[in-house]
1. What is the set of long-range amide H partners of Phe25 at a cut-off below 5 Å, with H atoms built 1.01 Å from backbone N?
2. Residue by residue, what Karplus-based ³J(HN,Hα) values in Hz, rounded to whole numbers, does the stretch 2-19 have, using 6.51, -1.76 and 1.60 with θ = phi - 60° and x for Gly and Pro?
3. Working out 0.36 nm times the residue gap between Trp63 and Ile79, then minus their Cα-Cα distance, what length gain in nm do you get to one decimal?
Amino acid sequence: MAKCPACGFESPDGSLCCDFCKEPFRRDRPVPAPKKPAEPRKEIPEEFLRLDSGGSIPRVPPWLKYAAWTVLAAWFVIIMTLIGIYLAKQNGGQQAGMAGRPVQAP
Ligand SMILES: [Zn+2]
């Protein structure tokens with residue numbers, strides 16, 4: 001099992017990124033050097049040689065991910081609460097209307 005450095009979720013061996021948060025795993029083992037470095041360089045254009053697999057892309061700090069999920073969850077809760085209040089008012093209004101029907105005074 002490979003443990004995610006960001007969230008601690010355990011993904012199966014051989015995974016390239018975390019199954020939970022998609023954090024890319026850094027390889028502990030050094031990548032074996034290509035046996036023939038001269039050959040592929042002739043085929044691959046110069047501009048593509050400088051590309052890497054994302055190692056130089058700045059990583060999002062874990063606390064920012066948690067903060068983003070927290071904000072999203074908070075919005076979800078707020079919206080569901082508002083919907084609940086709206087439905088409760090509709091229901092309550094109908095019941096109150098029926099219960100509070102003016103009684104005809106004799
Ligand atoms: Zn993860």
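We did not get these values from a lab; they are worked out from the coordinates using the rules stated. This structure is a prediction, so every number in the text was calculated from the model and none was measured.
1. Cys17, Cys18
2. Coupling constants for the stretch 2-19: 10, 8, 5, x, 8, 10, x, 5, 9, 9, x, 4, x, 5, 8, 8, 5, 5 Hz.
3. 3.3 nm
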